[in-house]
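Take a look at the structure set out below.
The values are calculated or read from the model by the stated rules, or taken from the named source; none is laboratory data. Keep in mind the model is a prediction, meaning the values are calculated, not measured. Note that each Cβ is placed from the backbone with ideal geometry, even for glycine, and that neighbours are counted across all protein chains shown.
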Amino acid sequence: MNAINTIDITRAMQAKSDQLNAEDLLGGPRTIKITGGVEREGKIRLSFEGDNGRPWVLSKTAVRILAACWGMDPSKWIGLSCTVYNDESVVYGGKEVGGIRVSHVEGIQAPRTLNLTVTRGKKKEHVIQPLLVERQSKADAWRERLLAVTQSPDMTVDQAWAKVPAGIKAELGTGLYDQLISMEKAAAAHATSDDAVLGDLNAQIAAE
């Protein structure tokens with residue numbers, strides 16, 4: 001038995017489930033760092049730090065947002081962070097039941113407006129804010145600079161990567177380069193049109 005002043009109310013509110021639920025976010029938004037993922041029955045299930053074996057099962061809206069910001073390859077999302085929250089206005093079966101939505105993502109330098117399909121023939125505007133993740137080491141500082149380059153018209157990822165010291169590259173890991181290229185492509189598509197990255201997704205994925 002725990003004394004009242006030691007009770008973790010956030011844990012006490014968690015729904016008994018094998019996945020993260022909107023109800024788990026009633027206490028407020030949560031910033032999570034992606035650590036892996038699998039696809040099961042057509043759904044992407046992302047694991048994250050501190051998930052306690054309860055992954056985040058992405059809605060179609062969340063898939064579209066992360067794809068637009070981080071690129072079309074989910075394996076490149078590992079190591080990136082985003083903030084999720086309970087949007088009580090999410091409708092299912094004609095009723096407002098709430099759902100997990102994304103408010104902030106790491107790696108973008110300015111708010112990004114995405115027009116996403118809600119129902120057939122109808123779209124809703126989602127504004128995604130930049131997420132600043134505190135870093136400590138020199139390698140972390142380089143990582144932040146490189147993430148910023150993916151959004152910059154003044155320098156390419158290849159140009160920036162060439163300037164990174166060999167020791168820092170080793171610490172960052174070779175997978176970061178591929179991740180940066182993926183994000184650079186997503187940013188370039190977005191710069192051409194707000195709906196460029198989302199067009200195929202909105203056309204191919206059934207409305208929620």
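See the values below:
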item: Within the stretch 136-174, considering residues that are closer than 22 Å to Ile108 by Cβ and of a type in the set (Gly, Ala, Ser), the one nearest to the chain's Cα centre (by Cα); result: Ala148
item: Residues satisfying the stated conditions in the stretch 41-59, i.e. over 19 Å from Leu25 (Cα atoms) and at pLDDT 90 or above; result: Lys43, Ile44
item: Residue list for the stretch 97-107, filter: in contact with a Leu (Cβ under 8 Å, 6 or more places away or on another chain) and more than 16 Å from Lys124 (Cβ to Cβ); result: His104, Val105, Glu106, Gly107
item: Residue within the stretch 117-135 that is crowded, with 20+ Cβ neighbours inside 10 Å, more than 26 Å from Gly167 (Cβ to Cβ) and at pLDDT below 85 present; result: yes
